[in-house]
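Each remark here refers to the structure printed beneath this line.
The values are calculated or read from the model by the stated rules, or taken from the named source; none is laboratory data. Predicted model, so just to flag it, every value in this text is computed and none were measured. Reconstructed Cβ throughout: ideal geometry from the backbone, glycine too, with neighbour counts over all protein chains shown. All accessible areas refer to the heavy atoms of the entire protein, side chains included, with ligands and DNA or RNA removed. Shrake-Rupley method; radii C 1.70, N 1.55, O 1.52, S 1.80 Å.
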Amino acid sequence: MTPVAIVGASGYTGAELVRLLLGHPEVELAGLYARSTAGQPVASVLPSLAGVVDGILEPAAPEIIAGRARVAFLALPHGEGARLAADLLERGLKVIDLSADFRLRDAAAHTTWYGHDPVPGLRARAVYGLPERHRAEIAKADLVAVPGCYPTATVLAIAPLLPLVGAPLIVDAKSGVSGAGRTPGLSTHFPEIAEGIRPYKVAGTHRHTAEIEQELGGARVTFTPHLVPMTRGILSCVYAPARAERGFRDALVAAYAKEPFVTVLPDGQLPDTTHVRGSNRVHVNVVADARAGTVLAMAAIDNLVKGASGQAVQCMNLVLGLPETTGLGAVAAFP
Ligand SMILES: NC(=O)c1ccc[n+]([C@@H]2O[C@H](COP(=O)([O-])OP(=O)(O)OC[C@H]3O[C@@H](n4cnc5c(N)ncnc54)[C@H](OP(=O)(O)O)[C@@H]3O)[C@@H](O)[C@H]2O)c1
């Protein structure tokens, strides 16, 4: 059993890591760490763990984490975990980071989008943790930058189709409110979100734009994220002009034929977040609109699983040389 630590265990992706890793046959939880909730019983902060996990949340001290664990998941806000990552790597741990600190390969791009490079030089060591595109590099990595939720859904929907479509790429994506994390705020307050839908950070201002463009080889995207009144799920719809008459679905089928978590739905069946909720699965499909000369590629994921913690466990499995699907076999909690 490999001992693993979760830093940021009191947040939404941290809680999801706890849930997934409790069902993982090859790892054991060796410390749950937090900040403002440190010192509190785990089950009082995460009531879903009552009767399952004893103990308290602890402050994240690198020497303590390194004394107990071989792998550390960092489920922290951007900029909060980068120095800890550097310290833990120095102490020989494998680090799986769920924040955006190391996702952009180019330091200047990171500075443009996030303000500053938290640990200059370290990003060269990081591998972008999208196994469907970087499997071999992830298996050799000791620092994995787990992709954002929107980029995961968007890249998996459109990347195999790039040779068949032109510009512009228009990404229209919807997210459940857990994507904003556990800290309460007016924009995620129930009366302000429960019965409406709204775009936010439009016209190239959402930070995930840079990540999507990086993984699409620099193709420019117009990315419009929306907040919708559901707890979990991302649906990404990508529109592009067709450069071919057919072959779109075949391209997806060829790209994902051997992928354990990605399913190209049958012709005419469209992705739905309800059908992947709670699972690490990705449902994709593509439809050509011959009348308009466009292609519509779609993907549905659970933002907290394939969009964050499930993908992080998938990466950990690769890093540890385990079968990639270990501990991730659950299908969606449907309905
Ligand atoms: N939510 C998603 O769907 C999603 C998807 C993909 C990626 N991500 C990324 O994953 C990361 C975590 O997101 P989240 O939604 O889980 O956030 P969250 O619910 O707000 O949780 C943040 C966690 O970080 C802890 N924390 C904050 N500063 C800390 C510090 N200095 N030292 C130790 N712990 C600290 C908090 O502890 P206390 O509660 O004790 O203060 C809490 O456990 C973010 O970078 C986010 O962008 C999130």
Hey, what do the phi angles of segment 191-197 turn into as Karplus ³J(HN,Hα) couplings, whole Hz, using 6.51/-1.76/1.60 and θ = phi - 60°, x for Gly and Pro?
x, 8, 10, 5, 10, x, 9
Can you find, among 235, 304, 274, the residue farthest towards the positive end of the dipole of the chain? Put +1 on the C-beta of Lys and Arg, -1 on that of Asp and Glu.
235
Point-to-point label distance, residue 202-residue 135, nm (Cα→Cβ direction, 7 Å offset):
4.0
The farthest towards the positive end of the charge dipole of the chain, of the residues 287, 333, 13, given +1 on Cβ of Lys and Arg and -1 on Cβ of Asp and Glu, is 287
Return the sequence-ordered ³J(HN,Hα) values of segment 84-98 in whole Hz as given by the Karplus equation 6.51 cos²θ - 1.76 cosθ + 1.60 applied to θ = phi - 60°, using x for Gly and Pro.
4, 4, 4, 5, 5, 4, 4, 8, x, 7, 8, 10, 10, 9, 8
Placing unit charges on C-beta atoms (Lys and Arg positive, Asp and Glu negative, everything else neutral), compute the dipole magnitude of segment 121-190 about its Cα centre in debye, rounded to 20.
160
Quick calc, the chain, dipole around Cα centre from Cβ unit charges on Lys, Arg (+) and Asp, Glu (-), nearest 20 debye, gives 280
Give me the compactness ratio for segment 278-335, meaning the Cα radius of gyration over 2.2 N^0.38 Å.
1.48
Using modelled backbone amide H atoms (1.01 Å from N, in-plane), which distant-in-sequence or interchain residues come within less than 5 Å of residue 143's amide H?
95, 127
Run the quick spin-label model on residue 108 and residue 80: label points 7 Å from Cα toward the beta carbon, then report their separation in nm to one decimal.
3.2
Taking every pair of distinct Cα atoms and averaging 1/r, then inverting, what Kirkwood hydrodynamic radius in Å comes out for segment 223-300?
13.5
So what are the ³J(HN,Hα) numbers for segment 249-262, from phi and the Karplus equation (6.51, -1.76, 1.60; θ = phi - 60°), rounded to whole Hz, Gly and Pro as x?
5, 4, 5, 5, 4, 5, 5, 10, 3, 9, 7, x, 10, 9
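May I ask for the percentage of alpha-carbon pairs in the chain that lie more than 39 Å from each other?
10
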For segment 160-281, report the accessible area per residue in Å² (1.4 Å probe, heavy atoms, rounded to an integer).
51
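In cubic angstrom, how much convex hull volume per residue do the alpha carbon atoms of segment 1-72 span?
Considering the Cα atoms of segment 1-72, their hull volume per residue is 76 Å³.
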Highest first, please rank the peptides 180-189, 302-311 by the mean number of other Cβ atoms sitting within 10 Å of their residues.
302-311, 180-189
Helical mean residue ellipticity (222 nm; -39500 (n - 2.57) per DSSP H run of 4+; nearest 500) of the chain
-7500 deg cm²/dmol
Exposed GluC sites (Glu not before Pro) absent: longest stretch of the chain, with sites in DSSP loops and at most 14 other Cβ within 10 Å deemed exposed:
1-194
With only Lys, Arg, Asp and Glu charged, each at its Cβ (+1 for the first two, -1 for the last two), find how big the charge dipole of segment 1-102 is about the Cα centre; round to the nearest 20 debye.
40
